[in-house]
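Beneath this line is the structure, given in structure tokens, with notes to follow.
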Amino acid sequence: MGYMPRFQTRAATVAVTALAPASWGTTYVVTTRLLPAGHPMFAGLMRALPAGLIALALTRVLPHGRWWWRTAVLGALNIGAMPLLFVAAERLPGGVAATLGAAQPLLVAALAVALLHERPTAWRLVWAVLGVLGVALVVLGPRARLDALGVLAGLGHTATMAGGVVLTKRWGRPEGVSPLTLAGWQLTAGGLLMLPFTLGVEGVPGRIDAGAAGGYLWLGSMGGLVAYTLWFRGIGRLPVGASAPLVLLSPLVATVIGVAGGELLSRAQTFGFAVALSALLAAQLDPAERKKTVFDKERHDEADHHADAVHDDRRVRRHGDGRRPGGHRGEDARTPGAGAVQKAGE
């Protein structure tokens, strides 16, 4: 496959994977405007467990062997810590919580060195820092209040998601298991982990109106089952340094929703939006990675050319005595389909 087809395939994978963090960008507005206040665990539970059970019913495949404990670990990291996100969304302005989440690519880069032995390029590291600064310019204002518990919850969710991304990349998924199946395993595991804490500590909201029901449905479908299926598919196909920066879409989508609702962006915010979006795109175009791809292609083409030359040389030497292909040394070559010529006296 040539460079351009591979680039187009990679771009399509990035675009589809980006739908996941884009949908997560709606979490802040859904939480603050639709869901009952004071029930972050129940929100996380409704986002995970129903979606996971639906996926299991559709795929009818359960983990086996070591994938039982791996699913438990990944479910705890990627899904089980989800209530921390809702705690941050409730106790912090959406901008502050989003800025904490934007630091995930930096944490992923650090964990990738330890667990994947994959060192981030200077290009991606610089753009990861610029991405955080860009998001901060967009969403942080002079009146941003910093609740200690909210900040800890936001950092905790960012750290667990970073660990989940790296371990998902390291372990991959079993042969023959689809991304939908893997998402179903983890959503179910994470939901079961949240279930006793939700019922024992927080309880069920006293009243769930139509708006809250719609909010839970959206979070569990597009923000849960669909998003995590696309996310795990993308993590498996993209370098970890390319998939992690896509989380910058979450705060950017939240900003676009705010602008659509009548909010105005200052010049500094507009500049920060442009920086964050540039960082997201630049992370997908690492010059070092492109150079390696081109170099590998040239080596592959050179190897093919050398193999063809060797094959032609052997064919020339094999038939250099004038024999037709198929003749044996010391025998007359016969025309295919012709009978033997009878010699005189026979």
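Normalised radius of gyration for the range 42-96, please: alpha carbon Rg relative to 2.2 N^0.38 Å, two decimal places.
1.41
Given 4 °C and 1.567 mPa s, how large is the Stokes-Einstein diffusion coefficient of the range 5-89 in µm²/s, with Rh as the Kirkwood radius over Cα pairs?
85
Let me cross-check Phe273: its accessible surface, 1.4 Å probe, with only protein heavy atoms counted, in Å² to the nearest 10?
Answer for Phe273: close to 50 Å² accessible.
For the range 43-192, which whole-number percentage of the solvent-accessible area (1.4 Å probe, protein heavy atoms only) is attributable to carbon and sulfur atoms?
That fraction is 69 percent.
Please list 3J(HN,Hα) in residue order for the range 103-119, calculated via the Karplus relation 6.51 cos²θ - 1.76 cosθ + 1.60 where θ = phi - 60°; whole Hz, with x for glycine and proline.
Per residue, the Karplus-derived 3J(HN,Hα) values read 7, 4, x, 5, 5, 4, 4, 5, 5, 5, 5, 6, 9, 10, 6, 10, 7 Hz.
What does the accessible area of Val259 come to, in Å² to the nearest 10, when a probe of 1.4 Å is used?
Here the accessible area works out near 70 Å².
Where does the Debye-calculated log10 I(q)/I(0) of the range 121-271 sit at q = 0.10, 0.12, 0.15, 0.17 Å⁻¹, using only Cα point scatterers of equal weight, no solvent?
Calculated log10 I(q)/I(0) at the listed q: -0.50, -0.73, -1.13, -1.35.
Over 22 Å apart: what share of the alpha carbon pairs of the range 65-205 falls there, rounded to a whole percent?
Above the 22 Å cut-off, the range 65-205 has 48 percent of its Cα pairs.
With every protein chain present, what is the per residue accessible area of the range 145-226 (1.4 Å probe, Å²)?
Accessible area per residue, the range 145-226: 45 Å².
How much accessible area does Ile79 have with a 1.4 Å probe, in Å² rounded to the nearest 10?
Spelled out: Ile79, probe radius 1.4 Å, area about 0 Å².
Viscosity 0.890 mPa s, temperature 25 °C: what is the translational diffusion coefficient of the range 31-131 from Stokes-Einstein with a Kirkwood Rh over Cα pairs, rounded to a whole number of µm²/s?
150
The values are calculated or read from the model by the stated rules, or taken from the named source; none is laboratory data. Source: prediction; values computed, not measured. Surface areas here come from the heavy atoms of the whole protein model, side chains and all, with no ligands, DNA or RNA. Shrake-Rupley method; radii C 1.70, N 1.55, O 1.52, S 1.80 Å.
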